[in-house]
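Worksheet: one structure, shown below.
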Amino acid sequence: QMCIRDRWYQRRVHGPITYERYRYFYCLDYPNKVEMQKILADKYMAMGCLLSACELFQRLGMLEECVECLAKSGQKERATNIAKEGQKTEETPKLLCLLGELTSDPSYFTKAWESSNHRYGRAQRSLGRYHFFKKEFQESINAFETSLKINAYNPDVWFTLGCAYLKTPDYLNAVRCFSQVVSIDETQGEAWANLSASFHFQGKTQEAYLTLEQAVKHCENNWKMWENLLMFSYQNEKYGKFIECAQTLILMDRKDSVPRQVVQKVLQVFLIHLKKIEDFNSFKKAEFYERRVNAFLGVVAVSYTHLTLPTIYSVQISVVAVSLKKK
């Protein structure tokens, strides 16, 4: 950015004579004055220097970009006035959408859609977001579905459309939308979590558990996801994952999310299974669970100073493991 600025300032001072510059004219792909100002304005906008970018865009006559900068900097009234002035000379679909967003008037989105001959997808996306925040979910769904026919590779639209289907509720279409999001970008933890919720509302606990497991990989600090995974792992009898979730929640200072009675039942299930262990592979699994349970009980002992969870289970698991080792 600084290099581009310096290059631009070089144009304003006395430089080589015209003959000297013409000698290398065809050898260099050097941007012209207007193009260099545009590049500099784009860089200013990316850096957050919105008013500096706005000044350059205004000088270049790039009205839409100037309005965007003012809107992002919080000067909505000035942005609206400039947009309305520009509307008198040239009424583009993008300018109409910007006016609609600034004034919260959906008629501008409809006008932008019509003036583009039903080809400007942003008009329908903006209209969909307007209806979504007004809690008019069916109108929002119609607008988003129309926009996706023009550009289907838009994870944000798929995500909002999935949320609208959840509110309707239409869980089958919600699954379709959130599946599209994670197929485009698998790091979208919120989309994995909403996909899990869609499966849960359909009674598909196994799918809900697996998708929520993916969600916590990308949102490790979201205690709500860990809390939901705690219950899903208990419902699916994934007791090792249950202990991991309980330990994580306690370390996140969310111990109220871990039911003491459920923890005791899980530890009892561990003990019953460990007593039935006979082969070597099961013994290795027993050692793994022993370490995990002991670590969990250590965290519990520190966090629940006023409670006495049955640490006897840890001792009994150790006894079983030692007896198996002797075999």
Filter the stretch 32-54 down to the residues that are free of Cβ contacts under 8 Å to residues at least 24 places away in the same chain and surrounded by 15 or more Cβ atoms within 10 Å (Cβ to Cβ), then identify the one that is nearest to residue 99 (Cα to Cα). 54
Restricting attention to the stretch 206-236, the residues that are more than 13 Å from residue 195 (Cα to Cα), surrounded by fewer than 19 Cβ atoms within 10 Å (Cβ to Cβ) and polar (S, T, N, Q) number exactly 4
Within the stretch 200-217, is even one residue of a type in the set (Val, Ile, Thr) and under 25 Å from residue 126 (Cα atoms)? no
Out of (1) in contact with a helix residue (DSSP H, G or I) (Cβ under 7 Å, 6 or more places away or on another chain); (2) open to solvent by 30 Å² or more (accessible area, probe 1.4 Å); (3) assigned to a helix (DSSP H, G or I), what's the single condition that is false for residue 174? (2)
In the stretch 127-148, anything open to solvent by 70 Å² or more (accessible area, probe 1.4 Å) and within 17 Å of residue 94 (Cα to Cα) is listed as 129
Quick check on this structure: which one of 147, 116 is small (Gly, Ala, Ser), within 27 Å of residue 184 (Cβ to Cβ) and under 21 Å from the mean Cα position of the chain (by Cα)? 147
Considering only residues that are open to solvent by 40 Å² or more (accessible area, probe 1.4 Å) and outside any helix (DSSP H, G or I), which ones fall in the stretch 88-105? 90, 91, 104, 105
Residue satisfying all of: in the stretch 68-87; free of Cβ contacts under 8 Å to residues at least 12 places away in the same chain and among the polar types (S, T, N, Q); least open to solvent (accessible area, probe 1.4 Å) among these: 75
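The values are calculated or read from the model by the stated rules, or taken from the named source; none is laboratory data. Nothing here was measured: the structure is a model prediction, and the numbers come from that model. Cβ: placed from backbone, ideal geometry, glycine included. Neighbour counts: every protein chain shown. What goes into the accessible areas is simple: the full protein's heavy atoms, side chains included, and nothing from ligands, DNA or RNA. Shrake-Rupley method; radii C 1.70, N 1.55, O 1.52, S 1.80 Å.
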